[in-house]
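K.L.:
What follows is a single structure, and I will ask about it in a moment.
The values are calculated or read from the model by the stated rules, or taken from the named source; none is laboratory data. Quick caveat, the model's predicted, so the values are computed rather than measured. Because the Cβ atoms are built from the backbone with ideal geometry, glycine has one as well, and the counts that use them run over all protein chains shown.
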């Protein structure tokens, strides 16, 4: 717990907090323009540490006492979230930012499957998806599919949802030092993982592009598109409302646990005239009680380790599966200053395969070449 | 009507006019305060936080609520 937090913030500091929500579409350009202009920039902002503190230099380093509070109180997989080159800048704000699969219990039971004993390997998982899929006898789109696949929207999001498959196949998007894409983004393991992923739509037909994204599919009420069975990264409040049970499947031995492609953090703008007060505010809210209250207000998982076994978290359907995730090896992370550009190039290959525009190998080769060019630019920027 | 009466009446009228002027000024100030709700005589300073988490409005609002002066009973932490 950080000292001084008992005093009321506004009374003590003379400052109140105003939140401005910037639409996600185009937020980076707006952030960048404001930070460059300085005068119209916010004092605090939500973003990726490796982007705003790494690709750019807009972040104020966190005071040492606060940094220690977070280093001491975060789950181990989050230790590097909010850091750039070993120094802490950002406060991780999202605990549930890893992929889990969620089961529609009713559909599982109807197909003769046991939702309390989810598949442990991808072979068994695929077999179950086939049982859950109801094909159209006329050869059209299935009337029900087993897996809600992420196929639309920004390629970074599509990359994010595919990476658990890639990691399960032993592939990684970039080298461990994050300085190479060739040989990793297009490795034989990556080609095999993307082949499996593309086949879900194009060969096995247990997933369909016609149903929209997992969130779209689960949000509709009509029977034809009732919730797909296994959903990656469904919004937590959606899951709670729709009786989707947190039942992450281990799927393949050694499959990595919790990790994130784009971890969100709260940051303080380096050139803000109010940055000292901003850190005072961050200090004021940095304690287990506020962490719990803040996240519970939105129905999402708290961040502080002390809260992971609270009554609120224990009452959630994903309590056990989240614990299981945290017990597993931390998967590769890609906190590269140009992670957006890299994940966009990679995601284009995934989209290309899903929509039948090409084969995994040539599309991944093309992605690796684009990523190499992009990361070279990044290296030049940092020098 | 005597000259004295006229002078006295003029004095009362002048006093009333002065008071009326003050009343108008006060009324105008009240109107400004009422029509511009955020304006206050002692301007509250603000910390501005930008977020793009459109999907989590309650999470975002919490920062504002926490940043306001609200009485907290002792021993709540």
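K.L.:
Report yes if residue A:177 is within 30 Å of residue A:71 (Cβ to Cβ), at pLDDT below 90 and not assigned by TED's automatic domain parsing to the domain that holds residue A:296, otherwise no.
P.N.:
So residue A:177 fails the test.
K.L.:
Of all residues in segment A:288-315 being crowded, with 19+ Cβ neighbours inside 10 Å and not in a helix (DSSP H, G or I), which is nearest to the other protein chains (Cβ to nearest Cβ)?
P.N.:
A:300
K.L.:
What tally of residues in segment A:166-183 results from selecting those that are crowded, with 22+ Cβ neighbours inside 10 Å and closer than 9 Å to residue A:368 by Cβ?
P.N.:
Of the residues in segment A:166-183, 1 are crowded, with 22+ Cβ neighbours inside 10 Å and closer than 9 Å to residue A:368 by Cβ.
K.L.:
Same structure again: Of these, A:123, A:136, which one is out of contact with any helix residue (DSSP H, G or I) (no Cβ under 6 Å at 6 or more places or on another chain), surrounded by fewer than 18 Cβ atoms within 10 Å (Cβ to Cβ) and not in a loop (DSSP other than H, G, I, E, B)?
P.N.:
Working: A:136 fails: not in a loop (DSSP other than H, G, I, E, B).
Result of the check over A:123, A:136: A:123.
K.L.:
Residue A:254 versus (1) closer than 25 Å to residue A:119 by Cβ; (2) at pLDDT 50 or above; (3) surrounded by fewer than 18 Cβ atoms within 10 Å (Cβ to Cβ): which is the lone unmet condition?
P.N.:
The failed condition is (2).
K.L.:
Residue by residue through segment A:14-53, note down the ones that are within 25 Å of residue A:304 (Cα to Cα) and away from chain B (no Cβ under 12 Å).
P.N.:
Result: A:49, A:50, A:51, A:53.
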